[in-house]
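Novice: I'd like to ask some things about the structure below.
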Ligand SMILES: Nc1ncnc2c1ncn2[C@@H]1O[C@H](COP(=O)(O)OP(=O)(O)O)[C@@H](O)[C@H]1O
Ligand SMILES: [Mg+2]
């Protein structure tokens with residue numbers, strides 16, 4: 001398998017440098033700023049400040065050692081508005097990316113905590129404070145490689161369980177040795193106390209042109225040159241400035257699995273690839289007798305696994321007929337799908353080897369019975385079924401709207417309840433077909449739904 | 001005019017509360033409320049197809065009178081927002097997407113749902129000579145933990161707008177909501193009322209059905225009027241006289257029966273045919289894998305199977321459903337169940 005395809009494109013093409021990014025438009029208290037410059041300045045200022053303050057604190061510490069407790073001076077720290085910024089903007093415009101890209105460019109290391117993972121004050125504290133607050137030894141490390149703290153999705157921080165999180169973050173900001181950048185989608189009133197103390201940069205959604213530039217670069221790198229511009233445009237538009245969503249959809253459509261409407265598109269895109277998949281499937285089911293053989297066959301192939309396991313699902317019953325073998329095969333394939341789901345949802349990339357073995361070896365080795373002569377078996381193209389998300393085709397949508405003009409019930413009710421009834425009513429009776437389509441004023445396409 | 005409506009269930013929709021089939025006590029209570037010109041938030045609980053929405057809508061219509069149009073809204077808590085609405089939601093309040101995938105983000109519709117579907121309506125005062133607006137929220141239980149957000153909304157905007165929350169699952173409604181609502185239990189009509197309604201239709205449409213077959217109709221549809229009327233209309237196509245054979249025949253090809261068929265095909269061990277049918281069910285009815293599993297469970301219980309077989313099949317369905325929660329490809333997850341059922345059939 002292509003190992004370059006092992007990760008989602010959004011990860012694979014996460015910009016490594018500011019140069020690779022579309023810089024989204026940004027504002028600070030209503031004024032346009034250049035986002036990358038703004039962040040650079042912020043980091044630079046912080047670094048000079050902290051150096052000054054550390055110098056002064058050294059003196060204070062020496063002084064404190066020499067006087068008795070009461071007269072001790074408080075140590076200084078960088079004011080919050082200079083030690084933390086908040087990037088606030090819609091999902092998928094590159095908030096997280098710009099932090100990493102910039103750190104890369106400045107040769108800094110990012111210490112990331114994701115607010116939605118670390119919900120309690122304790123967790124935040126232990127994760128950050130120990131690395132950050134402890135002076136002395138840390139002062140030394142600072143000089144080796146500069147660090148930057150990223151608290152991503154800070155809007156996820158406030159929930160039922162984490163009332164203590166805001167003070168923890170504030171505390172962190174007041175004592176940090178490293179510049180802090182926070183990202184957020186939503187404006188959260190709960191975080192007001194936090195917002196008041198720091199600098200906020202508002203980021204807007206990316207424009208279509210900017211998105212197109214990034215997308216074209218990715219398509220080029222993937223050597224995809226036959227993507228219909230109209231479809232591309234549609235995908236971009238549908239995502240409304242969300243580049244992550246756009247890239248995910250592109251990959252989904254290219255590699256299959258999003259929804260039925262796009263299957264035609266996928267088919268066209270992969271036409272050249274099909275012969276290769278055909279022979280791969282044959283080889284797997286007919287020749288592989290051990291796990292190692294199955295691995296070898298999939299490893300040497302160029303077919304992307306996102307795609308391959310759907311082909312295996314489609315063609316499994318062509319090769320495996322015995323019900324007990326089918327059962328074992330599906331036991332493994334469905335587990336593979338579950339594992340893959342978890343990988344995608346939680347980024348558990350370490351589970352990937354199980355996924356490979358389960359969907360390839362786990363499936364084909366379930367086949368115990370190999371006939372003398374396999375004969376020719378037709379390989380079928382995978383049928384892309386619904387992703388479990390209620391979505392209507394264009395025709396269904398307009399059908400529902402026509403119905404609702406006369407009968408005001410929900411989309412679901414119409415599709416799951418009324419439509420089946422109308423189908424039956426009209427299937428044996430031309431008279432009813434005419435009556436119904438006239439009364440609801442259905443056009444030819446909508447009418448076709450009745451006869452499906 | 002109404003003779004021209006080709007679909008009986010629409011033709012015989014009630015146009016006012018007193019045309020609603022049965023439920024006289026309930027209707028009386030609602031009529032009293034209309035006279036009082038005031039009511040607290042309401043919670044309508046009742047099984048699918050019992051007429052909750054119809055009754056709530058008619059009630060609102062009569063309560064608001066000629067100001068109905070501008071002061072009434074009905075929303076579905078379980079419908080994903082369309083792209084226009086999402087766009088609006090994003091400009092108002094961004095939907096947090098911590099997961100990968102544009103769909104993953106959009107699926108969490110609830111905060112956006114409130115933002116787009118609820119707030120704009122309830123924030124504004126009622127228009128015209130009515131004490132407040134009325135908002136119907138269907139399938140309220142679908143809001144899950146986001147019901148919490150409603151509790152504030154109900155308090156803050158209660159003055160502008162009263163809500164009628166509708167649900168089939170009382171147990172899924174959180175206590176603070178229940179405590180803020182007057183509760184109405186809406187059961188299907190009693191047989192006598194059901195019979196009255198059916199008889200009225202039968203007379204008008206010039207078909208015949210005997211009382212014991214009306215009983216049968218009541219039983220097989222669990223008193224769901226719309227479903228019963230559908231079945232009646234289908235049956236009427238094969239002749240003026242509607243008897244039990246005709247009723248059963250028409251019942252036999254409805255979609256729950258597709259699911260029953262699916263089970264039967266599995267129990268015959270024909271995996272390929274089963275998969276084909278399951279795909280058809282999924283794409284035609286837009287069922288999620290979860291819904292298919294639930295329907296299979298329901299239909300399975302109706303089949304004459306041994307206790308052992310039932311227990312085993314429940315186990316298989318539960319396992320498949322469980323996997324599908326994390327799985328990505330519903331077709332694989334459903335096929336998994338089908339393959340296991342086919343295999344189990346072999347053992348039986
Ligand atoms: N401005 C951008 N320039 C280039 N790629 C981007 C940009 N914004 C998003 N992307 C793509 O989308 C992915 C997710 O972006 P991310 O920075 O995580 O978005 P956010 O943090 O704003 O939700 C990135 O890995 C990258 O592939
Ligand atoms: Mg991010």
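The values are calculated or read from the model by the stated rules, or taken from the named source; none is laboratory data. Because the structure is predicted, anything quoted here is derived from the model rather than measured. Backbone-built Cβ (ideal geometry, glycine too); neighbour counts: all protein chains shown.
Novice: So, of the residues in the range A:3-13 that are in contact (Cβ under 8 Å) with a residue 60 or more places away in the chain and surrounded by fewer than 18 Cβ atoms within 10 Å (Cβ to Cβ), which turns out to be nearest to ligand 2 (Cβ to nearest atom)?
Specialist: Top of the filtered list is A:7.
Novice: Within the range A:204-215, take every residue that is in contact with a helix residue (DSSP H, G or I) (Cβ under 9 Å, 6 or more places away or on another chain) and part of a helix (DSSP H, G or I) and give me the one that is nearest to ligand 1 (Cβ to nearest atom). Outline the logic, then answer.
Specialist: At the first step, the residues of the range A:204-215 found to be in contact with a helix residue (DSSP H, G or I) (Cβ under 9 Å, 6 or more places away or on another chain) are A:205-206, A:208, A:210-212, A:214-215.
If we keep only those that are part of a helix (DSSP H, G or I) too, we end up with A:208, A:210-212, A:214-215.
On the way: A:208: 13, A:210: 7, A:211: 8, A:212: 12, A:214: 5, A:215: 9 Å.
Checking each candidate, the answer is A:214.
Novice: Return a yes/no flag: does the range A:85-96 have any residue that is within 16 Å of ligand 2 (Cβ to nearest atom), assigned by TED's automatic domain parsing to the domain that holds residue A:149 and assigned to a helix (DSSP H, G or I).
Specialist: The first filter runs over the range A:85-96 and keeps only residues within 16 Å of ligand 2 (Cβ to nearest atom), leaving A:85-96.
Keeping just the survivors that are assigned by TED's automatic domain parsing to the domain that holds residue A:149 gives A:85-96.
If we keep only those that are assigned to a helix (DSSP H, G or I) as well, we get A:95-96.
Scanning the range A:85-96, I find at least one residue that is within 16 Å of ligand 2 (Cβ to nearest atom), assigned by TED's automatic domain parsing to the domain that holds residue A:149 and assigned to a helix (DSSP H, G or I), so the answer is yes.
Novice: Considering A:305, A:309, which residue is within 18 Å of residue B:324 (Cα to Cα) and within 14 Å of chain B (Cβ to nearest Cβ)?
Specialist: Every option except A:309 fails the conditions.
Novice: Still on this structure: I'd like the full set of residues that are within 12 Å of chain B (Cβ to nearest Cβ) and part of a helix (DSSP H, G or I), limited to the range A:393-404.
Specialist: Step one: filter the range A:393-404 for residues within 12 Å of chain B (Cβ to nearest Cβ), giving A:393, A:396-397, A:400-401, A:403-404.
Passing the criteria: A:396, A:397, A:400, A:401, A:403, A:404.
Novice: Right, here's the next one. So which pairs qualify, if the first residue must be in the range A:22-35 and away from chain B (no Cβ under 14 Å) and under 12 Å from residue A:98 (Cβ atoms), the second must be assigned to a strand (DSSP E or B) and within 16 Å of ligand 2 (Cβ to nearest atom), the Cβ gap must be under 7 Å, and the two must be at least 6 apart or on different chains?
Specialist: A:26/A:201; A:26/A:202; A:26/A:203; A:35/A:26; A:35/A:201; A:35/A:203
Novice: While we're looking at this one, here's another question. Can you pull out the residues in the range A:234-253 that are modelled with pLDDT of 80 or more and in a loop (DSSP other than H, G, I, E, B)?
Specialist: Hits for the range A:234-253 are A:241, A:242.
Novice: Among the residues that make up the range A:38-50, is at least one of them away from ligand 2 (no atom under 16 Å from the Cβ), in contact (Cβ under 8 Å) with a residue 40 or more places away in the chain, surrounded by 13 or more Cβ atoms within 10 Å (Cβ to Cβ) and within 30 Å of residue A:248 (Cα to Cα)?
Specialist: Looking only at the range A:38-50, we keep the residues that are away from ligand 2 (no atom under 16 Å from the Cβ), and these are A:38, A:40-50.
Add one more test, that the residue is in contact (Cβ under 8 Å) with a residue 40 or more places away in the chain, and what stays is A:38, A:40, A:42-43, A:46-47, A:50.
After this cut, where a residue has to be surrounded by 13 or more Cβ atoms within 10 Å (Cβ to Cβ) as well, the list is A:38, A:40, A:42-43, A:46-47, A:50.
Subsequent filtering for residues that are within 30 Å of residue A:248 (Cα to Cα) retains A:38, A:40.
There is at least one residue in the range A:38-50 that is away from ligand 2 (no atom under 16 Å from the Cβ), in contact (Cβ under 8 Å) with a residue 40 or more places away in the chain, surrounded by 13 or more Cβ atoms within 10 Å (Cβ to Cβ) and within 30 Å of residue A:248 (Cα to Cα).
Novice: Output yes when any residue across the range A:88-95 is more than 8 Å from ligand 1 (Cβ to nearest atom) and closer than 21 Å to residue A:175 by Cβ, and no when none is.
Specialist: no
Novice: For the range A:232-249, enumerate the residues that are within 11 Å of ligand 1 (Cβ to nearest atom) and under 17 Å from residue A:220 (Cα atoms).
Specialist: A:243, A:246, A:247, A:248
Novice: Shifting gears a bit: Need at least 2 residues that are facing chain A (nearest Cβ under 10 Å) and within 21 Å of residue A:418 (Cα to Cα) per element, so show me which helices (runs of 4 or more DSSP H) inside the range B:196-259 make the cut, counting only ones lying wholly within it.
Specialist: It comes to B:225-236.
Novice: Could you tell me whether residue A:442 is modelled with pLDDT of 90 or more and within 9 Å of chain B (Cβ to nearest Cβ)?
Specialist: no
Novice: Is one or more of the residues making up the range B:3-24 modelled with pLDDT under 75, surrounded by fewer than 20 Cβ atoms within 10 Å (Cβ to Cβ) and part of a helix (DSSP H, G or I)?
Specialist: yes
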